[in-house]
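Peer 1: One structure coming up, written as structure tokens, with questions to follow.
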Amino acid sequence: MNRKRFLSLLTGSGLLSSHIRAAATTPGGPQAFVFAHENVLGTSLELKFTADTPHAAEKAEAAALAEIDRLNLILSRFHPHSEFRQWLNTAQTPKQISPDLFRILYLFDTWRDATAGALDASAEALSQLWRNAASVQRLPDPTDLAATLALVRAQHWRLHHKEGAAQRLTSAPLALHSFAKSYIVERAAEAAMRTGVHSALVNIGGDLVVRGNTTEPVAIADPRSDQENGPRAALLNIANRAVATSGNYRRGVEIAGVHYSHILDPRTGYPVEHILSSTVVAPSAVDAGALATAFSVLSISESEKLAQSRQNVEYLLIAKNGRQFTSPGWAGLAAAPAQLEKAPWDSSMELTVQFELARIDAQRFRRPFIAIWIEDKDRFPVRTIALWFDKPRWLPDLKAWSRADRMRSMAEGTDLTASVSSATRPPGKYSVKWDGKDHHGKPVRAGLYTVFIEAAREHGTYQLIRQEMEFSGKPKQVQLTPNAEIASASLDYRKTPR
């Protein structure tokens, strides 16, 4: 049957709208709700709840956000009035601190010992040394490196358990990155669950925790691909566990044309390059975050030994040469074969769509609903490459996509809702790609197509960008006109990176 005729028959018969209602509600049962925010702890935030009503889900969202804000005011290194920043200004005198900050410092002590120094809050001193070196485009001076290492190896605080106090012993710069974010993720999920929802997922920059009566599909990003919808290293089913990924592929410094990882070995002072990414699944978010960071520093054998000393810990390590190392129980977390994506298409060309969301306020903003899709010269939607929304009932706000492709993508069971665990990236900046295949995984013909980027913000503006582009083997780049929701966007039709 002609595809346009097929589309009109389904639309006219009412099958399209009934399918949408079935997706939006489950009669007699709880519903899934998704909330997305940008610029939360310097990255993106995704919340998913299973709740009986929209009000219950919004109550859980408010509780999670309130807990994130509360803990950020305690643990942040960047907030000028955070408790941690205030404590850093003390010297030698024991100061009573909050239970949350005390717990974080205690955990750092514990993990510093467990990893033989591979995990250390004072690694921030080394980070500053390498950033300064990058600013003058010279490797760190050996004398400066030795002095910084001596400072890192010192004891930086002493905890007084009876008084709940901490005594700062050195002037070394300290940062709580690996623990603070994981700790906040865990506490935010707990706060949401206390409101009475059936399940909660909190994902901050790729570190996530799943709690309650649900199983979440979690895609593990391939460190060799920087697209949001790029190939997956793995797809897992996660229930009542936490997932954290650490990697050297998204951040770092460049000196004399050479990239150096932002992950430093506190024992040597040098960036680590042997592990591209390390993903850990553990009962608690703190353990997952600590181990993921440590596994990016330790040798493979050291990581295996450390994992064996912990209960219910599974991992995937991807080495610089692409070789994968997994724990014995890793395979048991894998999603069923029917859920796994097909192998990437070995094409010589691909389209990369890069865009940045307009920042609505300085601290945190709700991500707009986004749809990105491709239509052929007959205006038939051949592929939806991104679809981001929170509540199914708001899908009609994506007006153009709803008319063009909603029925097709839902009828075929296209899954664009899996959470992704990856190394932390900046807020609001995204990259997705099209491999030249349709929804069935079959290559499309060369020729003229139209790329659509649609954005709709709840209680905000509606924006649509469309750009015709010839895909016939000749590379081409196009800068798109920004708008109130999309601060910048570009199309890059190019050879697939090898």
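The values are calculated or read from the model by the stated rules, or taken from the named source; none is laboratory data. Predicted, not measured: the structure shown is a model, and the values here were computed from it. Cβ atoms come from the backbone with ideal geometry, glycine included; neighbour counts cover every protein chain shown.
Peer 1: Tell me which residues, restricted to segment 273-291, are closer than 15 Å to Gly252 by Cα, out of contact with any helix residue (DSSP H, G or I) (no Cβ under 9 Å at 6 or more places or on another chain) and not acidic (Asp, Glu). Quick ask: steps written out before the conclusion?
Peer 2: Kept after step one, since they are closer than 15 Å to Gly252 by Cα, are these residues of segment 273-291: 273-277.
If we keep only those that are out of contact with any helix residue (DSSP H, G or I) (no Cβ under 9 Å at 6 or more places or on another chain) as well, we get 273, 276.
The one that is closer than 15 Å to Gly252 by Cα, out of contact with any helix residue (DSSP H, G or I) (no Cβ under 9 Å at 6 or more places or on another chain) and not acidic (Asp, Glu): Leu276.
Peer 1: Now, a different point. Among the residues of segment 86-126, write down those that are free of Cβ contacts under 8 Å to residues at least 60 places away in the same chain, in a loop (DSSP other than H, G, I, E, B) and closer than 25 Å to Leu291 by Cβ.
Peer 2: Going residue by residue through segment 86-126, those that are free of Cβ contacts under 8 Å to residues at least 60 places away in the same chain are 86, 89, 98, 106, 109-110, 112-113, 121, 124-125.
Going one step further and asking which of them are in a loop (DSSP other than H, G, I, E, B), we end up with 89, 98, 121.
Within segment 86-126, Ala121 is the sole residue that qualifies.
Peer 1: When you look at Asn229, is it farther than 21 Å from Leu107 by Cα and modelled with pLDDT of 90 or more, yes or no?
Peer 2: Working: farther than 21 Å from Leu107 by Cα: yes; modelled with pLDDT of 90 or more: no.
So Asn229 fails the test.
Peer 1: With the structure loaded, tell me whether Phe78 is under 25 Å from His37 (Cβ atoms), surrounded by 18 or more Cβ atoms within 10 Å (Cβ to Cβ) and in contact (Cβ under 8 Å) with a residue 24 or more places away in the chain or whether it fails that test. Please lay out each step first, then the result.
Peer 2: Details: under 25 Å from His37 (Cβ atoms): yes; surrounded by 18 or more Cβ atoms within 10 Å (Cβ to Cβ): no; in contact (Cβ under 8 Å) with a residue 24 or more places away in the chain: yes.
No.
Peer 1: Something else: Got a sec? Which strands (runs of 3 or more DSSP E) wholly within segment 216-333 have at least 3 residues that are farther than 23 Å from Lys48 by Cβ and among the charged types (D, E, K, R)?
Peer 2: Details: elements: 216-221, 232-238, 242-247, 252-255, 258-261, 275-282, 314-319, 324-326.
Filter on segment 216-333 gives an empty set.
Peer 1: Of all residues in segment 358-375 being assigned to a strand (DSSP E or B) and at pLDDT 75 or above, which is surrounded by the fewest Cβ atoms within 10 Å (Cβ to Cβ)?
Peer 2: Residues of segment 358-375 assigned to a strand (DSSP E or B): 365-366, 369-375.
Filter once more, so that each one left must be at pLDDT 75 or above: 369-375.
Values: Phe369: 24, Ile370: 23, Ala371: 28, Ile372: 24, Trp373: 24, Ile374: 23, Glu375: 19.
Among those residues, the one meeting the criterion is Glu375.
Peer 1: If you don't mind, there's one more thing I want to ask. In this structure, is Asp207 among the charged types (D, E, K, R), on the phi < 0 side of the Ramachandran plot and buried (at least 24 other Cβ atoms within 10 Å of the Cβ)?
Peer 2: On the way: among the charged types (D, E, K, R): yes; on the phi < 0 side of the Ramachandran plot: yes; buried (at least 24 other Cβ atoms within 10 Å of the Cβ): yes.
Answer is yes for this residue.
Peer 1: Moving on. So how many residues does segment 173-194 have that are more than 18 Å from Trp111 (Cα to Cα) and surrounded by 22 or more Cβ atoms within 10 Å (Cβ to Cβ)? Spell out how you get there, then give the answer.
Peer 2: Taking segment 173-194 as the starting set, the residues that turn out to be more than 18 Å from Trp111 (Cα to Cα) are 173, 185, 187-194.
Narrowing further to those that are surrounded by 22 or more Cβ atoms within 10 Å (Cβ to Cβ): 185, 188-189, 192.
Total meeting the criteria: 4.
Peer 1: Inspect segment 58-78 for any residue being touching a Pro at 6+ places or on another chain (Cβ under 8 Å) and either closer than 26 Å to Ala290 by Cβ or modelled with pLDDT under 95 (or both) and give the result as yes or no. First the steps, then the outcome.
Peer 2: Initial filter on segment 58-78 (touching a Pro at 6+ places or on another chain (Cβ under 8 Å)): none.
Within segment 58-78 (the criterion being touching a Pro at 6+ places or on another chain (Cβ under 8 Å) and either closer than 26 Å to Ala290 by Cβ or modelled with pLDDT under 95 (or both)), the answer is no, since none of the residues qualifies.
Peer 1: Determine which member of the set Trp111, Trp130, Trp157 is aromatic (Phe, Trp, Tyr), more than 20 Å from Ser246 (Cα to Cα) and buried (at least 16 other Cβ atoms within 10 Å of the Cβ).
Peer 2: Details: Trp111 fails: more than 20 Å from Ser246 (Cα to Cα); Trp130 fails: more than 20 Å from Ser246 (Cα to Cα).
After applying the criteria, what remains is Trp157.
Peer 1: So which residues in segment 289-309 are farther than 13 Å from Ala116 by Cα and in contact with a Lys or Arg (Cβ under 8 Å, 6 or more places away or on another chain)?
Peer 2: Matches in segment 289-309: Gly289 only.
Peer 1: Going through Ile238, Ile255, Ile263, Ile220 one at a time, which residue ends up being within 30 Å of Thr143 (Cα to Cα), surrounded by 21 or more Cβ atoms within 10 Å (Cβ to Cβ) and touching a residue at least 24 places away in the same chain (Cβ under 8 Å)? Write out each step before concluding.
Peer 2: Values: Ile238 fails: within 30 Å of Thr143 (Cα to Cα); Ile255 fails: surrounded by 21 or more Cβ atoms within 10 Å (Cβ to Cβ); Ile220 fails: within 30 Å of Thr143 (Cα to Cα).
Going through Ile238, Ile255, Ile263, Ile220 in turn, the sole match is Ile263.
Peer 1: Follow-up question, since we're still on this one. For segment 376-409, what are the residues that are hydrophobic (A, V, I, L, M, F, W, C) and either modelled with pLDDT of 75 or more or surrounded by fewer than 18 Cβ atoms within 10 Å (Cβ to Cβ) (or both)? Explain how you work it out, then say what you get.
Peer 2: First pass over segment 376-409, keeping only residues hydrophobic (A, V, I, L, M, F, W, C): 380, 382, 385-389, 394-395, 398, 400-401, 404, 407.
Of everything in segment 376-409, those that are hydrophobic (A, V, I, L, M, F, W, C) and either modelled with pLDDT of 75 or more or surrounded by fewer than 18 Cβ atoms within 10 Å (Cβ to Cβ) (or both) turn out to be Phe380, Val382, Ile385, Ala386, Leu387, Trp388, Trp394, Leu398, Ala400, Trp401.
Peer 1: Further question on the same structure: Working carefully through the options Ala66, Ala60, find the one that is surrounded by fewer than 18 Cβ atoms within 10 Å (Cβ to Cβ) and under 25 Å from the mean Cα position of the chain (by Cα). Write out each step before concluding.
Peer 2: Working: Ala60 fails: surrounded by fewer than 18 Cβ atoms within 10 Å (Cβ to Cβ).
When all the criteria are applied, what remains is Ala66.
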